[in-house]
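The values are calculated or read from the model by the stated rules, or taken from the named source; none is laboratory data. No experiment lies behind these values; they were computed from the predicted model shown. Cβ placement follows ideal geometry from the backbone for every residue including glycine, while neighbour counts extend to all protein chains displayed. Quick note on the areas: whole protein, heavy atoms, side chains included, nothing else; ligands and nucleic acids left out. Shrake-Rupley method; radii C 1.70, N 1.55, O 1.52, S 1.80 Å.
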Amino acid sequence: MANKDSFLHLARPLGPAPIGASASTAPLSVSVHPQAIFSILDHSLRRPQDQDRVIGTLLGTRSEDGTEIEIRNCYAVPHTETAEQVEVDMDYQKQMLALHLRANPREVLVGWYATSSDLNTFSALIQNFYGQQGDGTWPHPAVHLTVSTEPGKEIESRTYISAPIGVTAERAADSCLFIPVPHELKYGEAERSGLELISSAKDREDRSQPIITDLESLERAVRQTLDMLERVTKYVNDVLDEEDEPSSALGQFLLNTLSLAPKVDAADIERDFNAHIQDVLAVSYLANTIRTQIDLSNRLATAALSLGPADPLADGNERREGGDRQKGGDRRNKGRQQKAQEA
Amino acid sequence: MADATKDMPIKEVQVEALVVMKIIKHAQQAFPTIATGSLVGLEDGGKLEVTNTFSFPTIDVPATDGHQQETAANLAAGAPRAKANVVYQNEMIKFLREVNVDANNVGWYTSANMGNFVNLNTIENQFFYQKEMNERTVALVHDVSRSSQGSLSLRAFRLSPQFMAAYKESKFTTERYLDCSNPCSLQKSGLRYHDILVELPLTIHNSHLLTSLLHQLPSEVPKQKLGFPPNLAALLQDQNTPQPPLFPNYDSLDLSIDPFLEKSCDLLLDSIENHHTELNNYQYYQRSLAREQAKITAWQTKRKAENAARAASKQPPLPEDEWQRLFKLPQEPSRLETLINSRQVEQYARQMDGFTASVSTKMFAVKSNLLPGES
């Protein structure tokens, strides 16, 4: 979804550069975290009926020289738009920003978003509001992110910064030149697991997905891998049967991949395998034993008493026994673990 | 009608994808400290829909030595029930209402590390939420370490009604005095560690727009038929070369075993040690109780003998219940800690079980792949 348009910035694409600051020629690049996009889409679904687009504030981090911007978070800001005028709840924006900064002190205001790809006079007005001195992003340019949310079409996102334009001072307030800048969607390792589960629901009719266990996800991954292997095998076979067009690049790639298979001695594998499988099985067995022990101990704590006023000493003995057994399991487990560490 | 829906217990939890991503982001930023936040959403019959979330403010404690760091961690874990955060939460919800977000608090979330979330803090937070804020709230637990191992670990919990009742009266003793008519709370309620936390089935739900976005991730499907690349370099650089899909995640095919196993063993051993300490405490209590009881019985027989002698000499008998003033029975230690600890041990054991299951599968697969024909 990160757009593949190419950008050629002849001059530095930064807009209003502060006078005296050393101008860097590096282009501005924007990376967007998925939760920001998710939040924008959610907001777009919750817009008032009579409004085509909704806007909100983008929060994130900016590199020291201001050329790299990460959009990490965002929140919605109520606004009303008619043919003649636009009204943004500035007070709301300010208070919400303060609330967000309390939770995430490292994030700063970087710009704003709108849920339509159109740029109009109001966009310029809002852009100037976000880029102004004081509450805005000055001296850095405000980033404007548009996410098209038309149903049935692909979701397109674009990022812009702006340069002041206008003949007179009055006109300059409600006009600006939007300069497109490249952006990409970025997600880290931790987010991958979340995205994985979320996207596993994308082909389902009810758009929902229960949490899957480790074993299930393993099964699915293996299934998928087998599927891909089958496709490659079929292609190779077709080429051998002269039914499909051969490609030397693909062949080379496959050969490189195949040569990655490790060459190890069978005895080594056998030894490593046996050492590990024993550890794993022992730990599994002990974990289950411990669970039983805990359950037993818990039952003793309540069950012995429900028999009515029994001799307290007898009960004590029973429970001591439980404790000893527990300790035995404990010791065994410790020994096992040392062994595991040695291996 | 309204009453009917109110009384229906919450049976499942549906979490919006946005909430999942926000929790992951917050938990990961704060790792290894615990991240907590509030959940908002709606409730539909027996289904609790979590539609948005926000994190609680970070607490700045000048951490210089180890002790203070501990307090910082405690503060972070206790954040959901801190007074300042209740104010923050109400304010945030007020603002969210203005942009049509479901302004209804439905619980809180916390991050965990290797399943170590069953502790007093979690219990107290959830108790606070279920008692003070709104009965129909859940706790979402996101396990950062386990999620980085493969599939996402996000679970929903509630305190069981029996536990709520017991915790309200803070009766976690077996209360067995000599001829005491007090209800023996733990046995009477039959509370066991299984009953503390109730796990609810959790589903993840995507909006239509999100589904359409996900179909474009991580790379869009090429629009025209692709030709073959002229050479290897072109293949590697080609923009249309598909990136590995988000789902299924091939990380789950990873073969690293030992770090996880060791860590889990350590944690399990720690909990068992705790359990042992608790047991020892209880044994100590029982021994001292038995000692006192023996003393009381001795005293009573002595008094009875005295009374018999007095009756024989026609003197009025001495009162027989003076022992209650003379002897003081030791206070029974609370069993809550033991209960919670048992639950934690069970949680670790199950986690281990699940892990060993998938790991042994993978190991057999690798072995038969490298040594074909042997198995």
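Worth a mention:
- Interface size B-A, as summed buried accessible area [1.4 Å probe, Å², nearest 100]: 11100
- Minimum 50 Å² accessible area buried by the other protein chains, the range B:272-303 residues, probe 1.4 Å, relative to alone: B:I272, B:H275, B:H276, B:L279, B:Q283, B:Q286
- Taking chymotrypsin sites (Phe, Trp or Tyr not before Pro) across the range A:123-187, none is in a DSSP loop with at most 14 further Cβ atoms lying within 10 angstrom of its Cβ.
- Convex hull projection area averaged over all views, the range B:257-367, Cα basis, nm²: 10.0
- The distance separating the Cα centre of the range B:275-316 from that of the range B:193-207 comes to 49 Å.
- Look at where the Cα atoms of the range B:85-117 and of the range A:236-290 average out, and the two centres are 46 Å apart.
- Residue mean of other protein chain beta carbons inside 10 Å, B:339-345: 3
- Between A:S248 and A:N274, the simple label model (points 7 Å from Cα in the Cβ direction) yields a spacing of 4.9 nm.
- Working from Cα pairs under 8 Å separated by at least six residues, relative contact order for the range B:257-367 is 44 percent.
- Shown here for the range A:201-299: GluC sites (Glu not before Pro) in loop regions (DSSP other than H, G, I, E, B) with at most 10 other Cβ atoms within 10 Å, namely A:E205, A:E242, A:E243.
- Within the accessible area of the range A:25-68 (1.4 Å probe), percent carbon and sulfur: 42
- With R₀ set to 60 Å, the beta-carbon distance separating B:A365 from B:T297 gives a calculated FRET efficiency near 0.35.
- Spacing of the modelled spin labels on A:K263 and A:T233, each 7 Å from Cα toward Cβ, amounts to 2.5 nm.
- Pairwise centroid distance, computed over Cα atoms, of the range A:191-235 with the range B:39-56, Å: 27
- Residues in the range B:91-122 occluded by at least 50 Å² - accessible area, probe radius 1.4 Å, against chain by itself: B:M92, B:F95, B:V99, B:N100
- Taking amide H as placed 1.01 Å from N in the peptide plane, the amide H of A:L185 sits under 5 Å from that of A:A2, A:V32, each at least 5 places away or on another chain.
- Within the range B:257-367: Cβ-based charge dipole about Cα centre, in debye rounded to nearest 20 (Lys, Arg +1; Asp, Glu -1): 720
- Long-range Cα-Cα pairs in the range A:29-190 (distance over 22 Å), rounded percent: 38
- Sequence of A:R106, A:R271, B:R287 when ordered by accessible area, the most exposed leading, probe 1.4 angstrom: A:R106, A:R271, B:R287
- Listed residue pairs exceeding 26 Å between alpha carbons, taken from B:K302/B:K328; A:K153/B:K47; B:K22/B:K47; B:K25/B:K131; A:K94/A:K153; A:K186/B:K94: A:K153/B:K47; B:K25/B:K131; A:K94/A:K153; A:K186/B:K94
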